[in-house]
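Read the figures in this text as sums done on the coordinates, not as results from a lab. What you are looking at is a predicted structure, and each value in this text was computed from that prediction instead of being measured. Every residue, glycine as well, gets a Cβ built from its backbone with ideal geometry; the counts of neighbours run over all protein chains shown.
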Amino acid sequence: MIKKISHLGLAVENLEESREYYKKVFGLDSSEPIVAANGLVKASMIKVGEVHIELLQPIGDVGVMSKFLEKRGEGFHHICYDVDDIHKSLESLKAAGMEILIDVMDGIEGPSAFLHPKKTHGVLVELVEKKE
């Protein structure tokens, strides 16, 4: 089911400052920002070996990312696993008792879904079937 870690999602207050920080301190380039989550988030990806860091900044003061930052501040938001077939993976997980927090939607890297943290030892888990 899981092929590898796709990315680690980090909530940030200011995407441009975070991109500059990763460039200046670690020498890591980031992708150009894109708007995602129905216009509620700006995101940029940073490649680190085989894994990416996904920087996520809310747009405005509504939406999941805005609420996360308000409650917890900047930092780790989620881990994303790359899967072969998102629909088959979710069917298997549901059969095993997993609670799906957000069903299949268009994600930045392809169709994705989120698993409820109460069933994954407190960690928000995203699954993605990457676009070719």
(request) Measure out, as a whole number of angstrom, how far apart the alpha-carbon centroids of region 50-129 and region 17-45 sit. (result) 18
(request) Work from the charge dipole of region 2-128 (Cβ charges, +1 for Lys and Arg, -1 for Asp and Glu, about the Cα centre) and give the residue of Tyr81, Leu56, Met98 farthest towards its positive end. (result) Met98
(message) For a 31 Å ceiling on Cα separation, which of these pairs sit above it: Lys23/Lys94; Lys94/Lys130; Lys42/Lys88?
(response) Lys23/Lys94
(request) Could you sort 99-109, 21-31 so that the peptide with the highest average Cβ count within 10 Å comes first and the rest follow in order? (result) 99-109, 21-31
(message) If I stretch the segment between Lys67 and Ile100 completely, what's the gain in nm (0.36 nm per residue apart, minus their alpha carbon distance), one decimal?
(response) 9.9 nm
(message) If you restrict to DSSP beta bridges whose two residues both lie in region 53-132, what percentage is antiparallel, to the nearest 5?
(response) 65
(message) For percent of Cα pairs over 23 Å apart, pick the label among (i) 43; (ii) 24; (iii) 32 that corresponds to the value derived from the coordinates.
(response) (iii)
(message) Under 19 Å from a point placed 7 Å out from the Cα of Lys3 along the Cα-to-Cβ direction: which residues of region 47-80 have their backbone N that close?
(response) 47-54, 79-80
(request) Please arrange Phe76, Phe68 by counting, for each residue, the other beta carbons lying within 10 Å of its beta carbon, fewest first. (result) Phe76, Phe68
(request) Sum up the charges of everything whose Cβ sits under 14 Å from the Cβ of Val25, counting Lys and Arg as +1 and Asp and Glu as -1, but leave Val25 out. (result) 0
